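Presented below is the structure to which this report refers.
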Amino acid sequence: MDCFQDSVHKSHRYKMHASSGGGFCDCGDVEAWKIGPYCSKHDPGAATAMDESVLEPELYERAEKLFRILLDYVTNFLVWEEDFELSAELQPRIKDSAYYCVLYNDEHHSYDHVIYTLQRSVNCDQAEAQTHTTLIDKEGRRAVKRGPLRSCQQVKELIKSNSEHISLQPLRVEILPSAVMAHQTFALCLGSWFQKIIGYSVGFRQAFCQVALEPNADGDWPCLISRLMLHDARMYKGARKIVHELIFCSMLMDSEFKRLFAIEFTKYYKQLQKDFISDDHERSISITALSVQIFTVPTLARQLIEECNVIKVIVDAVLELLREHLDNSNRFIFLGYNSEKFSRIQVIFHDLRYILISKPSVWTEELRGQFLEGFKVFLGFLKCMQGMEEVKRQLGQHIAVEPEWEAGFTLQIQLRHILPMFQDWCSSDDEIMLQAFKACHAALTECNNQPLNREPTDFYMCKHILHARPYRVSQEPVSIHLPISRLLAGLYVLLWKTGAIRRLDNPEGYDFVQLAEHPLHCVVLAAQVTAEMWRRNGLSLVSQVYYYQDVKCRDEMYDKDIVMLQIAASKMDPNHFLMLILLRFELFEYFNGGCVNKDQDELMQWNRLTEEMLFLLIVVFGERYVPGISQVTKEDVTMREVVHLLCIEPMAHSTLVKSLPENENQETGLEAVIAKVATFRKPGVSGHGLYEVKKERLMDFNPFFYHYSRSQRSKAEESQKKRRAQESNDKALRPPVPPAFSPSFSRIVHLFCCDVIIHILRHILQRAAEDQSTHWTEAMIHRALHLIGQALVEEKTQLENSSVEDVTFDFSLKARAVGSEQGKSLFLLLSKIKGLPSLEAQKDLIKWLLQMFEIVKCLRENSSSTFCVSMDTTKPEESTQDKDKAERKRKAEAAKLHRQKIMAQMSAMQKNFIESNKMLYDNMPEPGTQEEPVTSSESSAMELRELCIAFGPLRGPTPAEREVLTCILCQEEQEVMPLAPAMVLTACVQRSTVLTQCRGRIPANRSDGTGTYPLFMPPDLAVGTHTGSCGHVMHATCWQKYFEAVQNTTRNRLHAELIVDLENGEYLCPLCKSLNNTVIPLIPLESLTFNYENAEIIGQHLTLPRWIQVLAARIKGLKSVMQENDFNADGGNGSSGTAGLFGDGQPDFRSILAYGIQEPRKFSDGITEMLVVCATTVHRVGLKTAPNELCPRVPLMAWNTCAFTIQAIENILQEEDKPLFGSLQNRQIAGLKAIVQFAASQRLRSSQGVIQRHFADMMGVLLPVLGRKNTPSVLDVDFFHLLVGLVLSMPSLYQEEGIDLQPSAVSSAFNNMYIFHLVTMAHILQLLLIPTDIPAAGDGEETEEARSAAELYITVSQHTGRLLPDLSGGSVAQKVKTGIEPFLRCAALFFSCLTGVHPPEELFNASVTAPGQMEALCSYLALPFNIFQLFQDYRDSVFPLLQRWCGSPSISKALQGKIQTIRYPRRRNRLIDLPEDYSALLNKASHFQCPKSTVDERKHPTLCLVCGAMLCSQSSCCLSQLDGEDVGAGTAHAATCGAGVGMFLRIRECEIVLMASKTRGSTYPAPYLDDYGETDPHLG
């Protein structure tokens, strides 16, 4: 990747492909690149890393001797067999009787099998067995036992016997002496040393290559490198890797030694492939994989053909390996073949393709001779395929067993590039071309074809006689595999194209009827399968016909069959050719009048066969886009393919590429032509770009394009008819004007002016004219009309390009003349069928054909006046069409006017009714205003603005809202009421780190309940509990029935793969199918008209100091609180402590009740039950604990999820710069209100004592005088979570023994206001104590806000020992306002959902950054615009608290930098930034090394998109334990990074993996798009 990044190719257009690796960089290989073979680092002009100087002769000789000894040593031990004896000089000085039992890797046994075998055989535990197995898989072998020979033999037998029980093939085990193991280990080290030493100098490399390739002195042994290659399949993985790397860095780096190595490789090629076939390891670690490094070099490939005849070697290897599949006729039959072995044999064809990938520009005699010899051997292989796997039509009973067919087509797919490459090589030299054609024809003649050996018979039609052998496809065996026939067709076209036909002896002497027979049989077979004549032969034949015409195979199968038929048509008498077609389609007697009164099924078959026969004639006559058959280029062919694909519908680039055939370089030629035929419509926000065909190219559209499937043809026809209708044209899809045939194929056009074609067309149209509905179909007539159109277009083209006397094509004359005396000529029959109702769809096409007849007639008569007259005859019909359109338009306009008139009348009647009943309308009040005094609009607006306050003495009203919802399951409506049956929202509760400020550090849950969480959420929001909803509503009973039904259905499906975890309450929303795991009950808000007089009276008495005293007295008197907490010395006397701080007076325990109480709300049993269900789920998921509805932390988790969900929504709105209230979606509003009301209702279901203790503990943060235990400092809590908990638990203090009470609306307003003000002041202190990078304020005029801020800052600084930095008042004010705004926005959302008080309009319309937002928030939350004024208003109460708050030891540590603190406003988390260019990411991945493995193996580098960590996924080296289970690196990382949720980019696969848990995830397209707006998963 580094070389590519620093080369000229970086700025070129290029594709990326995923590769299994192997080989080395092509930088500097001049044969691998057309231009720019060097990168900037390795350019010959730049300094090179390797020393190119030649070694001194003495040093070279010494190196050669040393290398010879060492390489011989390495070779001997790497090819070591178990029964070898160690030579005396290598025996250790001290005898060691120890042996090793060595277990080798194989691909037959799975990980679990090997672990099980080791546990049973070696008596090791699972962890040790797993370690052994991992190392065996990685290195190829592992010593699993060390001891005496006998004990090792016992282990060996145990391993074999235990592994045989699992698999038919036992594990490979060897017993090696400890000395041999040591020598082998040292030999591997020497291999690595060799790589290092030869990298120092070219001289060392040459010396090593010389030693490795020199023949053995005895002559009996091959050279050392050949010995290693021949033993490759028996070596273990680690040894193979060393040998392959040694070959890469030595012989393949030098051109001459590379040639010598290639010769050695070719010499033993057949044996190497046999070993590979017998081996069970992947090809990537086989020596045979080196073929791509050798055979793809053009000069080397030609040398190997000349010197070693490598083509013959490769084909012989294939033939020998497939010899077992030959039958008595020397043809392949793959019945019961081994699919694994066969797939390995297929790889050999890649080597043949590599050899042929670059054809020679200069031919030598040696090259010609060797190539022709190899070509003849290849023909021998094709002879084994010619006619293989014949099929015979099944009659009566359906076939019992589907025959094998995949293997034959697999071979055909492997040959689809090799066959055209051979033809390309042949076409580059005339002599080769002639010899190859003769050899191919001779091979075809030699093939044994029994059906063609019958005696010919005479067949008569239209006074013509065909002398042909009888053969019926429906009765005789037929094969779809005819590679030699198709190769001959391709070579024949090339003979004419190159002009080599002139040198061919007696070109007219070839029997083209016989040559065309087998391809015609295949075409007829496909037609009969389409006509469902072979349906009893099963799906195997249907699949064969599908692939026969599919884009993967059609170039060398179907297309070549059409070419061969065109060759025959150009050489045969046209009448004889058509009679042969009818004969093989088994329609000869039918069109000869010999078959009548057949049953319905047979008539249907005849009709379908007639359709297919006519389609074949359309193709033979019209498909001329083959270089050689007409004067077209490959670009023209590709353009036509693209036009017809885009005529189906606009397509993406990838869809086009998949629909086009690829050449040997896996290229389609699309890039070169797409701009000429299509325009690119760029993608929008989603989706991908589409190509649309240019209008000027639509004239090339052929509705019977031969590469269309039936569905594609139907779609294209419908699409083009729709387009023509939109353009106000007729719907006739006319035949396009084809290019002219080459001279050698020009006789094909005479097919359409011979006697037999006129007879066929008259016969078909006559059936339609006589309206014999069972004897014709509309598709048949359409094809016949298209044929007539093709003939007329051809005649018109010839008349326009030549004089009338020179034109011999006379279709129109015969169409008018033949049968005219009986009134049954083609022309007259067309006129008759024009008015048939059953042919309404073809009316426009017939009309165009009649016009074409007149045009051709005029051209023949050379009379422009006649032409004009004949054209005028069509005008009345056109004018009639225009009149019809005008009439329809007039009627539409009249209907529109009539509707408008009716609406005007109804409007007038409505006005008259209102006027006549004016008194009634005047006396009726507007809805919702019955009890409100009538005021002016201005005063109402002012009052509304004043009442937009969430709490306090000026709290706004809660308007009455009647909410009627529809259950998505039973579709019944119901009003949401407290005592009505419960209605619920679908909801999904999950742990989330979306707001975390300490990514990767998730606190552990304390099962004993100790610790501050979840009572106090830490300010870093490490992990929270989020509750989301899709907003769909159900009855609680309906949901329960639905969930039970899902459970019962799933239990009955024993083997179904579940996408939901039913055990944990998961289900899919019945409507939108989103994942959920609980429901939230819908609780309506109580309408409220606030008593402002009462509030004013209470406000005069209930000041903040008094409220704190009353609260402290109440807390002290609650037994539930006192039992759990001993007051410390600082506040041991409870209320006396508060009296000292906040004034005199001893409030009573029940003083709190004096300020207003009321009865709590009552809920129906259904709502109560759903409250428990939801709370239990939140508790279970949030704390990852077992469900327990009695746990004291249940209400805490309900309050926490409420707070966290609000914070998450506010974070999104802030990120998107949207208004706080106006931009929320309905489902978000409904879900948020439901969550807040659910959290507020927890006090009604939980123990009041538990909630009172929670309140007292939380209040201890704000009021240290309460002396609660384990109270955190103001720096250690998130104050919004604290606010939600305090507000929702405060009503529990009003509980009396045996009496359920709650504060009145006025009491709640004051409670909420004082709690909020205290929390806000504590949060302001938190902001002041945390260092931030706020710039110093300017020297402008100091405002009142700045002075208040400065005064507060000085006070705090004094209380903290002056550890705070010096800041101006303006800087302090800016710091606090910036930091506190998210808190205020969250509070506004919370109180709006809790109280229902309407927020100010500024929060609905303006974005978060708009001016006036802070003032609107302060107004709604009963805060002064100068928030520092709070400290002045509550000076006497708060300043003593400030001193207590600042006195915490943790604050001193934080100010001294000993404790890390969170900065405000909190950082908004985003996904990491990715480089624009994907190659840069690939380059980064290529340098990635697994942190737990030193072995340089292929890894799957995976990038965490949340934190940017690079992981080694899908690898056993990075397994770790999570909750007692082994998990991969991605799952383990997601647990710490995202609380189990992860988003990863798999770099080499170019896809995103979304992970929701250990067992749930999915893939998603990567964010990288190509030039066409498409993703490229797996870099395919």
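The values are calculated or read from the model by the stated rules, or taken from the named source; none is laboratory data. As the structure is a computational prediction, the values presented were derived from the model and not from experiment. Positions of Cβ are generated from backbone atoms using ideal geometry, with glycine treated the same way; all protein chains shown enter the neighbour counts. Side chains are part of the model used for accessible areas, which takes the heavy atoms of the whole protein and leaves out ligands, DNA and RNA. Shrake-Rupley method; radii C 1.70, N 1.55, O 1.52, S 1.80 Å.
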Of those in the range 255-287 that are crowded, with 20+ Cβ neighbours inside 10 Å and among the small types (G, A, S), the residue farthest from Y104 (Cα to Cα) is A262
Matching residues in the range 1539-1555 (part of a loop (DSSP other than H, G, I, E, B) and either free of Cβ contacts under 8 Å to residues at least 24 places away in the same chain or over 26 Å from G1024 (Cα atoms) (or both)) number 4
Checked R240, R234 against criteria (open to solvent by 50 Å² or more (accessible area, probe 1.4 Å) and in contact with a helix residue (DSSP H, G or I) (Cβ under 9 Å, 6 or more places away or on another chain)); the one match is R234
Here, helices (runs of 4 or more DSSP H) confined to the range 753-820 with at least 2 residues that are in contact with a Leu (Cβ under 6 Å, 6 or more places away or on another chain) are 755-769, 778-801
Within the range 56-81, the count of residues that are more than 54 Å from the chain's Cα centre (by Cα) and open to solvent by 30 Å² or more (accessible area, probe 1.4 Å) comes to 11
- prompt: Does the range 153-161 contain at least one residue that is under 29 Å from V243 (Cβ atoms), open to solvent by 60 Å² or more (accessible area, probe 1.4 Å), assigned to a helix (DSSP H, G or I) and of a type outside the set (A, V, I, L, M)?
  reply: yes
Q. Quick check: is even one residue across the range 1263-1285 without any contact (Cβ under 8 Å) to a residue 40 or more places away in the chain and in a helix (DSSP H, G or I)?
A. no
Report yes if D561 is part of a helix (DSSP H, G or I), open to solvent by less than 10 Å² (accessible area, probe 1.4 Å) and within 20 Å of L411 (Cβ to Cβ), otherwise no. yes
Those residues of the range 1207-1231 which are buried (at least 17 other Cβ atoms within 10 Å of the Cβ), touching a Phe, Trp or Tyr at 6+ places or on another chain (Cβ under 9 Å) and closer than 20 Å to P1084 by Cβ amount to F1221
Among the residues of the range 374-392, are any free of Cβ contacts under 8 Å to residues at least 24 places away in the same chain and either open to solvent by 30 Å² or more (accessible area, probe 1.4 Å) or more than 27 Å from L434 (Cβ to Cβ) (or both)? no
Flagged pairs (Cβ under 8 angstrom, 6 or more apart or on separate chains; first in the range 1224-1248, touching a residue at least 40 places away in the same chain (Cβ under 8 Å) and part of a helix (DSSP H, G or I); second basic (K, R) and open to solvent by 40 Å² or more (accessible area, probe 1.4 Å)) are L1244/R1161
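Counting only residues that are on the phi > 0 side of the Ramachandran plot, give me the helices (runs of 4 or more DSSP H) lying completely in the range 323-435 with at least 1 of them.
Result: empty, no element qualifies.
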Within the range 274-333, the residues that are among the polar types (S, T, N, Q) and over 42 Å from the mean Cα position of the chain (by Cα) are Q303, N309, N328, S329, N330
Wholly inside the range 224-285, helices (runs of 4 or more DSSP H) that include 2 or more residues that are within 18 Å of I314 (Cβ to Cβ) and acidic (D, E) are none
The number of residues in the range 82-122 that are farther than 16 Å from N162 by Cα, open to solvent by less than 80 Å² (accessible area, probe 1.4 Å) and free of Cβ contacts under 8 Å to residues at least 60 places away in the same chain is 1
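For the range 1363-1477, which fully contained helices (runs of 4 or more DSSP H) count at least 2 residues that are among the basic types (K, R) and touching a helix residue (DSSP H, G or I) at 6+ places or on another chain (Cβ under 7 Å)? Spell out how you get there, then give the answer.
Values: elements: 1369-1395, 1402-1405, 1413-1420, 1429-1433, 1435-1446, 1449-1455.
Output list reads 1369-1395.
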Of the residues that make up the range 436-447, is at least one touching a residue at least 60 places away in the same chain (Cβ under 8 Å), assigned to a loop (DSSP other than H, G, I, E, B) and touching a His at 6+ places or on another chain (Cβ under 7 Å)?
no
Taking the range 494-518 and keeping only residues that are over 19 Å from G628 (Cα atoms), in a helix (DSSP H, G or I) and open to solvent by 80 Å² or more (accessible area, probe 1.4 Å), one is left with Q514
Of the residues in the range 172-206, those that are over 47 Å from the mean Cα position of the chain (by Cα) and polar (S, T, N, Q) come to S178, S201, Q206
In the range 312-326, residues that are under 24 Å from V391 (Cβ atoms) and open to solvent by less than 60 Å² (accessible area, probe 1.4 Å) total 3
Picked from the range 502-538 (must be touching a residue at least 12 places away in the same chain (Cβ under 8 Å) and polar (S, T, N, Q)), the residue farthest from I567 (Cα to Cα) is N537
Out of (1) part of a helix (DSSP H, G or I); (2) within 41 Å of the chain's Cα centre (by Cα); (3) touching a residue at least 24 places away in the same chain (Cβ under 8 Å), the one Q169 does not meet is (1)
Within the range 1079-1097, residues in a loop (DSSP other than H, G, I, E, B) and among the aliphatic types (A, V, I, L, M) come out as L1082, I1083, L1085
P1567 fails exactly one of (1) of a type outside the set (S, T, Y); (2) at pLDDT below 90; (3) surrounded by 17 or more Cβ atoms within 10 Å (Cβ to Cβ), namely (3)
Got at least one residue in the range 346-365 being farther than 21 Å from H417 by Cβ and in contact (Cβ under 8 Å) with a residue 40 or more places away in the chain? yes
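Residue-by-condition table, conditions (1) modelled with pLDDT under 90; (2) aliphatic (A, V, I, L, M); (3) open to solvent by less than 30 Å² (accessible area, probe 1.4 Å):
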position	(1), (2), (3)
R1106	no, no, no
A1139	yes, yes, yes
R1150	yes, no, no
G1166	no, no, yes
The correct count of residues that are in contact with a Leu (Cβ under 7 Å, 6 or more places away or on another chain), open to solvent by less than 70 Å² (accessible area, probe 1.4 Å) and farther than 18 Å from D1576 by Cα in the range 661-694 is 3
Of the conditions (1) at pLDDT 90 or above; (2) open to solvent by 20 Å² or more (accessible area, probe 1.4 Å); (3) not polar (S, T, N, Q), the single one that E821 does not satisfy is (1)
Going through the range 616-635 in order, the residues found to be surrounded by 17 or more Cβ atoms within 10 Å (Cβ to Cβ) and in contact with a Ser or Thr (Cβ under 9 Å, 6 or more places away or on another chain) are R624, G628, I629, S630
